[in-house]
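The next block holds one structure in the form of structure tokens; read it before the comments.
Taken together, the values in this text are just the output of simple stated rules run on the coordinates, not laboratory data. For clarity, every value in this text was computed on a predicted model and none was experimentally measured. We place every Cβ from the backbone using ideal geometry, glycine too, and count neighbours over all the protein chains shown.
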Amino acid sequence: MNTTTITITGMTCEHCVRAVTSEVSELPGVEGVDVELVNGGESVATVSSSGPLDAAALEAAVDEAGYSVQRIDG
């Protein structure tokens, strides 16, 4: 199992968490998404997957949810 950490800005509430979780969960290979909401700061999404994930696809999914990726690790 692979783990990828995404640092995201612009998230302020549980609706934001659900939007990001929903979009990222749709990517092939994603098995789980856990988002730590940091109000007014950089939130962190930890993505578990069966293999490596494409950084561009992750960024596009977060963008589709309406937020900005600051960094992707993993």
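Taking the simple approach of a point 7 Å from Cα along Cα-to-Cβ for both THR3 and SER48, what is their distance in nm?
Once both label points are built, they end up 1.0 nm from each other.
Counting each pair of different Cα atoms once, what's the Kirkwood radius of segment 2-73 in Å, rounded to one decimal?
11.6
Can you give the local net charge around SER22? Use residues other than it whose beta-carbon is closer than 13 angstrom to its beta-carbon, Lys and Arg +1, Asp and Glu -1.
Here the count lands on -3.
Please give the helix 14-25 orientation as an angle from the longest Cα principal axis of the chain, in degrees from 0 to 90, rounded to the nearest 10.
On a 0 to 90 degree scale, this one is about 20.
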